[in-house]
Amino acid sequence: MRWLERFHGSDPGVELVAGALGRSAGTARLATSRRHPSLATLASAWRDEVRAGHAGFAQVRWDDEIAVPVTTLDALIHRYGRPDFIKIDTEGHEPEVLAGLSQPVPALSFEFVRGTLERSLQCIQRLERLADFEYNAVAGEQRRLRWPQWHNATDAMDWLNAGADNLASGDVYARRLLSG
């Protein structure tokens with residue numbers, strides 16, 4: 001939060017909210033890493049999954065926890081209005097964040113990480129219960145889509161089930177299809 005306040009605290013177009021997102025409002029324990037301060041998660045099982053399935057996380061130690069307030073995407077939409085785009089990068093907690101969304105949004109992205117691709121499949125399944133979407137992906141921190149054509153849910157899930165081209169991580173992008 002201090003980092004966000006430093007870079008965006010004086011921006012009149014940004015409102016910073018100290019807390020986390022989840023399936024329902026309440027309080028949760030956020031695991032943090034002193035050595036890797038950009039990594040924090042509410043997903044305790046994900047920590048073990050990612051260490052076992054992704055060599056890049058083998059040395060990460062979740063050595064601290066803090067209590068954080070939790071709200072839902074629905075509550076934020078009620079307060080601020082429906083966004084055009086939502087970026088979800090919550091270190092394995094993405095399915096829980098989407099469980100707090102009961103209405104489709106125009107577009108969003110969520111992170112995928114090798115060794116924990118089941119969570120990305122859960123995200124697509126959740127989105128498809130809300131509306132019809134089409135999908136694309138970005139590898140790592142690149143800024144270009146992997147596929148020239150957007151894919152339906154089945155194709156995107158097949159790609160994830162096949163190992164996501166063995167990419168270490170990236171983002172799945174979803175945009176809502178509007179019916180005629």
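Scanning the range 49-73 for residues that are surrounded by fewer than 15 Cβ atoms within 10 Å (Cβ to Cβ) and over 21 Å from Gly140 (Cα atoms), which turns out nearest to the chain's Cα centre (by Cα)?
In this case the residue turns out to be Pro69.
Does the range 93-114 contain any residue that is closer than 25 Å to Thr27 by Cβ, touching a residue at least 40 places away in the same chain (Cβ under 8 Å) and of a type in the set (S, T, N, Q)?
no
Could you tell me whether Gly92 is more than 17 Å from the chain's Cα centre (by Cα) and either among the small types (Gly, Ala, Ser) or more than 29 Å from Leu178 (Cβ to Cβ) (or both)?
No; evaluated as a whole, the condition is false for this residue.
Among the listed residues Arg114, Arg126, Arg146, which satisfies the condition of being touching a strand residue (DSSP E or B) at 6+ places or on another chain (Cβ under 8 Å), among the charged types (D, E, K, R) and more than 20 Å from Arg51 (Cα to Cα)?
Arg146
Could you grab the pairs with beta carbons closer than 9 Å, sequence gap of 6+ or different chains, first residue in the range 61-80 and assigned to a loop (DSSP other than H, G, I, E, B), second one at pLDDT 95 or above and β-branched (Val, Ile, Thr)?
Final answer for the pair search is Thr72/Val97.
From the list Glu65, Glu91, Glu118, exactly one residue is under 30 Å from Asn166 (Cβ atoms) and either touching a Ser or Thr at 6+ places or on another chain (Cβ under 8 Å) or of a type in the set (Lys, Arg) (or both). Which is it?
Glu91
Pairs please, first residue from the range 1-24 and within 22 Å of Glu91 (Cα to Cα) and part of a loop (DSSP other than H, G, I, E, B), second anywhere and at pLDDT 95 or above and of a type in the set (S, T, N, Q), Cβ atoms under 8 Å, 6+ apart in sequence or on different chains.
Val17/Thr71; Gly19/Thr71; Gly22/Thr71; Gly22/Thr72; Arg23/Thr72; Ser24/Thr72
The values are calculated or read from the model by the stated rules, or taken from the named source; none is laboratory data. Note that the structure is predicted; figures quoted are calculated from it, not measured. A quick note on method: Cβ atoms are made from the backbone with ideal geometry, for glycine too, and the neighbour counts reach across all protein chains shown.
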